[in-house]
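S.K.: First the structure, then my questions, so here it is.
The values are calculated or read from the model by the stated rules, or taken from the named source; none is laboratory data. On a predicted model such as this, the values are computed, not experimentally measured, just so you know. Backbone-built Cβ (ideal geometry, glycine too); neighbour counts: all protein chains shown.
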Amino acid sequence: MSSATPIGASDSGNGPILDIEDIHVQFAGRVGLGAGLFGKKATIARAVDGVSLQMQRGEILALAGESGCGKTTTARAIMGLERPQQGTILYKGEPIWKDLRAYRRRVQMVFQDPTGALNPRQTIYESVAEGLRIHKVKGDEREQVAKALSNAGLRPPERFFLNYPHELSGGQRQRVVIAGALALEPDMIVADEPVSNLDASVRGEILALLMDLRDRLGLTILVVTHDLGLAWTIADRVAVMYLGRIVEIGPAEDVLLRPKHPYTQALLDVVPEAGGLERPILKGETPDPTRIPEGCRFHTRCPLVASGRAKELGIEEKCRGQDLALKPLDPTHFAACHAADIGQIR
Ligand SMILES: Nc1ncnc2c1ncn2[C@@H]1O[C@H](COP(=O)(O)OP(=O)(O)O)[C@@H](O)[C@H]1O
Ligand SMILES: [Mg+2]
């Protein structure tokens, strides 16, 4: 271990558990469409382009937005799997890089696809014990595995020890993945689309499990989702991302019932049966992180600009030319919109 003091040692127990300040993650290399064979220009995808976010202990926050807006990259940066070119991520007041190994025990990630996350040739016991072994956790391994399975709702746990993943249902497999995370007794879980590969019938159960874990174990949970219905079910707060930035954040009721950003409003206008956010929801250019528009990054698709409303309000020039950060609309609800800024939004 690189440092003398363990990560979080100076933690007062107050402050946010996670404090992300203006992180940027860029990917290089993909050549833009239309570039000729000889005129190849290196392009840079600004996948995460200035995300700031704080999480309080014991809260469930949903990070929502269309496919490609940078949710997974943000989650991977939070896990230390992607190193931002710029910005800081503090866990209990200290940079996560200080002792990444200790941090990765305190904060566990649950991935989207429970089948891919489990080794088909490993028993459930082995899968859940793996993290304990990697982190050389002391104590009775059998007991720890049993407790984790039980906390993930697989009871009696011993019944599952010798099963293989293919012998379980999709919902049970996701519970095993969650048990693997719980075995390390983390403070926080980052779950990337935890139910999107599951049958609709078991999604509710897994969401109920996550909420129950927060209530019983005091876990802090960041859940990444393209589904605002899921955010409504589970989250205390919702952050809406567009082209690498959070454009609106606040208590779930405020953001989902009284959205202030035209992008959030557009997302909420989509009929869920029509496929939710997996398909394009707005006219205009599809968002491309290699070409983020000047000004407000949403202005090329913004209904306020397209309808002439922004012009009427005298903000059109700003929308087209002036980038903006999140601003408080009240102490807990923030949006990055020039119209919201002057109180002119439905
Ligand atoms: N390893 C990578 N190399 C190049 N581009 C990437 C890489 N990972 C993600 N991207 C790009 O970054 C953008 C954001 O992706 P991602 O974070 O996966 O979005 P989301 O999870 O919201 O769907 C996308 O345009 C994606 O193509
Ligand atoms: Mg993703």
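S.K.: Looking only at residues that are among the hydrophobic types (A, V, I, L, M, F, W, C) and in a strand (DSSP E or B) in segment 192-228, which one is nearest to ligand 2 (Cβ to nearest atom)?
M.R.: Within segment 192-228, the match that is nearest to ligand 2 (Cβ to nearest atom) is Val224.
S.K.: Pairs under 6 Å by beta carbon, first residue within 11 Å of Ala47 (Cα to Cα) in segment 61-82, partner near ligand 2 (Cβ under 9 Å from one of its atoms) and among the charged types (D, E, K, R), six or more apart or different chains?
M.R.: Qualifying pairs under 6 Å: Thr72/Asp192.
S.K.: When the residues of segment 134-173 are narrowed to those that are over 16 Å from Leu118 (Cα atoms) and basic (Lys, Arg), which ends up surrounded by the fewest Cβ atoms within 10 Å (Cβ to Cβ)?
M.R.: Applying the filter and picking the extreme gives Lys136.
S.K.: I'd like to know if segment 121-128 contains one or more residues that are surrounded by fewer than 23 Cβ atoms within 10 Å (Cβ to Cβ), part of a helix (DSSP H, G or I) and of a type outside the set (Gly, Ala, Ser).
M.R.: Within segment 121-128 (the criterion being surrounded by fewer than 23 Cβ atoms within 10 Å (Cβ to Cβ), part of a helix (DSSP H, G or I) and of a type outside the set (Gly, Ala, Ser)), the answer is yes, since at least one residue qualifies.
S.K.: Can you name the residue in segment 20-38 that is under 23 Å from Ala77 (Cα atoms) and surrounded by fewer than 17 Cβ atoms within 10 Å (Cβ to Cβ) and, of all such residues, is modelled with the lowest pLDDT?
M.R.: For segment 20-38, the residue satisfying everything is Arg30.
S.K.: Still on this model: Check Asn163 against each of (1) part of a helix (DSSP H, G or I); (2) in contact with a helix residue (DSSP H, G or I) (Cβ under 7 Å, 6 or more places away or on another chain) and name the one condition it does not meet.
M.R.: Exception for Asn163: condition (1).
S.K.: Considering segment 234-253 alone, what residues qualify as being surrounded by fewer than 19 Cβ atoms within 10 Å (Cβ to Cβ) and either in contact (Cβ under 8 Å) with a residue 24 or more places away in the chain or within 13 Å of Cys69 (Cβ to Cβ) (or both)?
M.R.: If the condition is that a residue be surrounded by fewer than 19 Cβ atoms within 10 Å (Cβ to Cβ) and either in contact (Cβ under 8 Å) with a residue 24 or more places away in the chain or within 13 Å of Cys69 (Cβ to Cβ) (or both), then Asp236, Pro251 are the ones that fit.
S.K.: Here is a further query. All but one of (1) within 16 Å of ligand 1 (Cβ to nearest atom); (2) more than 28 Å from Arg142 (Cβ to Cβ) hold for Pro194, so report the exception by its number.
M.R.: For Pro194, the failing item is (2).
S.K.: When segment 241-262 is examined, which residues are found to be within 16 Å of ligand 1 (Cβ to nearest atom) and either in contact with a Pro (Cβ under 8 Å, 6 or more places away or on another chain) or among the charged types (D, E, K, R) (or both)?
M.R.: Tyr242, Leu243, Gly244, Arg245, Glu248
S.K.: Hey, another quick one. State the number of residues belonging to segment 316-346 that are part of a loop (DSSP other than H, G, I, E, B), within 29 Å of Ile44 (Cβ to Cβ) and in contact with a helix residue (DSSP H, G or I) (Cβ under 9 Å, 6 or more places away or on another chain).
M.R.: 3
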